[in-house]
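Report on the structure given below.
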Amino acid sequence: LWLWALFRNGPLDWKMARLALLFFLVAGLTSGLQSAPGYEYSKLAYRWVSAPEPVTHAQPVPYQVHANFSLTAKSLVGILFPGFVHHTNTYAGFTAVSLALLGWALAWGRQETRLCAFLALGGLLYAFGSYVVFHGIVYSLVPLAEKARSASMASLVFHLGLSALAA
């Protein structure tokens, strides 16, 4: 979202860059009480991630684990109908999806609508894990992405975009 805000009108918006810096400074300082001890603990902990052996802080979660905890095709059906769950419940319901599609169709000309639509699509694609190449690129290039175990939890980002479109 910040990248969109920084570059939505062409070159870098320096006023928005200062606001982004302030945002990340405040977020970092307020999360420090939890994230600093958590980071220190992660250096000592062994994580059981459904792999044959536990992983340490220095080791990435094996990519096969990401494949096991990704969404499947039945998860797409689970967006509209309850009960189609594979590690993560993707249910949003017929009404919410209908309103999101209506919001997408009626307001596509607005930048915010396109942002929410791409946010929802990106979250859904990432949640499919090893079934789409997008996940492998993020896994190999983005720092700390290899530490997560359940790619399917990115469906939260999908629901964020979907709910904004429905609203």
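The values are calculated or read from the model by the stated rules, or taken from the named source; none is laboratory data. Predicted model, so just to flag it, every value in this text is computed and none were measured. Note that we place each Cβ from the backbone using ideal geometry, even for glycine, and neighbour counts take in every protein chain shown. Surface areas here come from the heavy atoms of the whole protein model, side chains and all, with no ligands, DNA or RNA. Shrake-Rupley method; radii C 1.70, N 1.55, O 1.52, S 1.80 Å.
The figures follow:
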{"quantity": "Farthest toward positive dipole pole in the chain [+1 Lys/Arg, -1 Asp/Glu at C-beta], among PHE23, LEU160, PHE81", "calculated": "PHE23"}
{"quantity": "Cα-based shape type of the chain, given that a ≥ b ≥ c are square roots of the gyration tensor eigenvalues and the cut on a/c is 1.5", "calculated": "oblate"}
{"quantity": "Sequence-distant residues sharing a close amide H with THR88 (under 5 Å, placed H)", "calculated": "none"}
{"quantity": "Computed log₁₀ I(q)/I(0) - Debye formula, equal Cα scatterers, no solvent, region 65-163, q 0.16, 0.21 Å⁻¹", "calculated": "-0.67, -1.03"}
{"quantity": "Cross-link reach list, aspartates and glutamates versus LYS147, counting only Cα pairs under 19 Å and skipping chain neighbours closer than eight places", "calculated": "GLU40, GLU53"}
{"quantity": "Share of carbon and sulfur in the accessible heavy-atom surface of region 8-105 [1.4 Å probe, %]", "calculated": "70"}
{"quantity": "Probe 1.4 Å - accessible area at TRP108, Å² to nearest ten", "calculated": "100"}
{"quantity": "Heavy-atom accessible area per residue - region 71-144, 1.4 Å, Å²", "calculated": "60"}
{"quantity": "Over the chain: helical MRE at 222 nm, DSSP H runs n ≥ 4 each giving -39500 (n - 2.57), nearest 500", "calculated": "-19500 deg cm²/dmol"}
{"quantity": "Cleavage-rule hits, trypsin sites (Lys or Arg not before Pro), region 38-130, DSSP coil, Cβ neighbours within 10 Å at most 12", "calculated": "ARG110"}
{"quantity": "Cleavage-rule hits, chymotrypsin sites (Phe, Trp or Tyr not before Pro), region 16-84, DSSP coil, Cβ neighbours within 10 Å at most 13", "calculated": "TYR46, TRP48"}
{"quantity": "Candidates VAL142, VAL77, VAL65: whichever shows maximal mean-square fluctuation once the chain is modelled as a Gaussian network with Cα springs under 10 Å", "calculated": "VAL142"}
{"quantity": "Cα-only Debye scattering, region 1-74: base-10 log of I(q)/I(0) at q = 0.11, 0.22, 0.27 Å⁻¹", "calculated": "-0.58, -0.90, -1.10"}
